[in-house]
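Chemist: Please find one structure pasted underneath; my questions will follow.
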């Protein structure tokens with residue numbers, strides 16, 4: 001008797017950002033699976049997959065974010081439970097797809113008696129049966145080492161570069177809002193070398209003991225008479241990006257754009273951006289943008305195609321880094 005083994009890809013989404021998952025499924029040409037998530041009166045959740053996943057390559061996509069009255073902790077727990085359900089249903093391999101990885105900023109002990117929660121989340125993934133993780137623009141690359149298994153660290157650079165090529169004039173200045181992001185900004189500027197893009201960065205300091213507070217101090221690089229494009233992995237409260245834009249304009253920039261992968265937009269962020277002198281804010285759709293946060297200067301570009309390519313490469317056991325020519329490494 002001759003037995004032919006067929007691989008099957010199964011894609012499931014949590015409730016945080018189903019729109020992105022539907023878009024990814026469309027790019028892959030697959031049907032999004034039915035997780036049939038039930039929420040009990042006390043807040044506990046229970047998924048029950050609508051089809052067999054035995055022997056399947058299961059991808060569970062959930063961005064870690066609070067939406068519709070649920071917290072970021074709820075979204076992480078929901079993904080863990082779904083992965084556990086797939087594991088107990090005899091899935092061949094489970095990949096957690098986390099477009100935005102929760103607690104990524106807690107990747108080290110900045111002061112005594114602090115947790116390293118980014119590592120804890122990785123440990124929880126392993127306990128739930130996850131064999132591989134996929135994320136986009138982690139806050140720091142070292143988080144890849146927290147997970148005991150392969151991590152595919154994607155980057156939104158291809159869609160950000162495409163947007164700049166389509167909308168920005170010649171000779172833009174790519175600006176890192178702090179010294180820690182210079183390498184990423186430099187890589188983007190190099191990609192735009194044929195547009196004579198140059199590089200600058202804003203020196204800032206964070207007052208000791210204060211969270212979500214940063215003060216822009218000075219600009220390193222020539223920005224006078226140029227369009228400046230601030231690039232960062234996320235915009236949270238908006239304080240850093242707004243103060244960076246102010247100092248760029250003071251140093252002679254003609255216009256400032258802000259571009260970020262993750263639009264967290266906590267607390268006063270939307271109001272700050274609306275009142276700021278930033279001309280446009282470009283975010284990717286790794287996180288959902290609620291209706292009340294949609295303002296005219298915010299534009300959203302999609303990373304669904306990038307995620308779909310990575311999922312296809314993982315499923316086919318081909319190289320993910322080749323999608324980005326190695327620019328997703330480091």
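The values are calculated or read from the model by the stated rules, or taken from the named source; none is laboratory data. For clarity, every value in this text was computed on a predicted model and none was experimentally measured. Don't worry about glycine lacking a Cβ; one is built from the backbone with ideal geometry, like all the others, and counts go over all protein chains shown.
To keep it simple, each residue is scored yes or no on (1) modelled with pLDDT of 95 or more; (2) on the phi > 0 side of the Ramachandran plot; (3) assigned to a loop (DSSP other than H, G, I, E, B); (4) not assigned by TED's automatic domain parsing to the domain that holds residue 234.
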residue	(1), (2), (3), (4)
113	yes, yes, yes, yes
120	yes, no, no, yes
133	yes, no, no, yes
148	no, no, yes, yes
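Chemist: Can you tell me which residues in region 254-270 are crowded, with 23+ Cβ neighbours inside 10 Å and closer than 20 Å to residue 228 by Cα?
Modeler: 256, 257, 258, 259, 260, 261, 262, 263
Chemist: Spot the failing condition for residue 203; the list is (1) modelled with pLDDT of 95 or more; (2) over 19 Å from residue 24 (Cβ atoms), and only one is missed.
Modeler: Residue 203 satisfies every listed condition except (1).
Chemist: Follow-up question, since we're still on this one. With in the same structural domain as residue 252 (by TED's automatic domain parsing), over 30 Å from residue 73 (Cβ atoms), assigned to a loop (DSSP other than H, G, I, E, B) and at pLDDT 95 or above as the only criterion, which of 161, 224, 166 stands out?
Modeler: 224
Chemist: Can you list the strands (runs of 3 or more DSSP E) lying wholly within region 2-104 that have 2 or more residues being modelled with pLDDT under 95 and under 26 Å from the mean Cα position of the chain (by Cα)?
Modeler: Where strands (runs of 3 or more DSSP E) fall fully within region 2-104, none carries at least 2 residues being modelled with pLDDT under 95 and under 26 Å from the mean Cα position of the chain (by Cα).
Chemist: Okay, moving on. Among (1) under 21 Å from residue 102 (Cβ atoms); (2) surrounded by fewer than 16 Cβ atoms within 10 Å (Cβ to Cβ); (3) in contact (Cβ under 8 Å) with a residue 60 or more places away in the chain, there is one condition residue 69 misses while meeting the rest; what is its number?
Modeler: Result: residue 69 passes all but (3).
Chemist: Let me ask something else. In the set 271, 255, 309, 291, which member is in contact with a helix residue (DSSP H, G or I) (Cβ under 9 Å, 6 or more places away or on another chain) and not assigned by TED's automatic domain parsing to the domain that holds residue 21?
Modeler: 255
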